[in-house]
Every structure is written in structure tokens, then in C-alpha cells.
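The values are calculated or read from the model by the stated rules, or taken from the named source; none is laboratory data. Owing to the predicted nature of the structure, the values given are computational and were not obtained by experimental measurement. Reconstructed Cβ throughout: ideal geometry from the backbone, glycine too, with neighbour counts over all protein chains shown.
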Amino acid sequence: MPVAVTEFGLKRWVPDAGTFMTDQMALFEELGLGYALWALYPDWPPIVDIDDFDFIYGTDPGNRSDAESDLLGAIRDAWSHNLLRSADE
């Protein structure tokens, strides 16, 4: 029976977030689990400014533009192991 871990993540400024994410995704891979990283991009006015989980913005809670970080690097590294398959396979 396939199993998936859904909506996991952490606030982008948590210390050692990249290490945590590397370890967590490696464990999911080792166990053969599917997984879906939590990403919140709200457009509802009361919460539109919440970007705590937007790993693209780096480790500074006040940053609102793309920034490199260990967390982003860990996610990119894990995703680089994904395989693309055609619909015919």
C-alpha cells in the first residue's frame, strides 16, 4: 500500500532548517514514502503577508525576495534526484 507524508515543513528561519529538511527527506526516501512539501502562498487579504514557510525567501523573516539558503539548497538537492517519466511509461 503506497504511503505519503503530506504538508510537512518548517519556518524558513529555524536554525539548521536545511539539515533538518535534508535528514527528513532522506528518511522519507529510505522508507519509500511519497511526500509533499508544505508551501503556503496565500492571497486571502487577512493572511496575504504570511510567508513563514516560503523557503524561496531565505532565513531573514523580513525578506520578501528570492534568497539562497541552506534550506533552499536542501530542497533543491532532494528534488534533483526526481526522475521525469513520460505519460506513456
- Any chance segment 18-30 includes a residue that's part of a loop (DSSP other than H, G, I, E, B) and of a type in the set (A, V, I, L, M, F, W, C)? no
- Item | Pair list, Cβ under 7 Å, 6 or more apart: segment 1-29 residue within 13 Å of Asp77 (Cα to Cα), other residue modelled with pLDDT of 95 or more and part of a loop (DSSP other than H, G, I, E, B) | Gly18/Ser69
- Message: Looking at segment 42-86 only, could you name the residues that are under 22 Å from Pro15 (Cα atoms), assigned to a loop (DSSP other than H, G, I, E, B) and in contact (Cβ under 8 Å) with a residue 12 or more places away in the chain?
- Response: Asp51, Asp52, Phe53, Asp54, Gly58, Thr59, Asp60, Pro61, Arg64, Ser69
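Does Pro46 satisfy the criteria of being modelled with pLDDT under 95, farther than 23 Å from Gln24 by Cβ, surrounded by 10 or more Cβ atoms within 10 Å (Cβ to Cβ) and out of contact with any Gly (no Cβ under 9 Å at 6 or more places or on another chain)?
No; evaluated as a whole, the condition is false for this residue.
For Leu40, state whether it is surrounded by 10 or more Cβ atoms within 10 Å (Cβ to Cβ), over 14 Å from the mean Cα position of the chain (by Cα) and of a type outside the set (S, T, N, Q).
Working: surrounded by 10 or more Cβ atoms within 10 Å (Cβ to Cβ): yes; over 14 Å from the mean Cα position of the chain (by Cα): no; of a type outside the set (S, T, N, Q): yes.
No; evaluated as a whole, the condition is false for this residue.
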- For the subset of segment 1-17 comprising residues that are in a loop (DSSP other than H, G, I, E, B) and in contact with a Gly (Cβ under 8 Å, 6 or more places away or on another chain), which member is surrounded by the fewest Cβ atoms within 10 Å (Cβ to Cβ)? Pro2
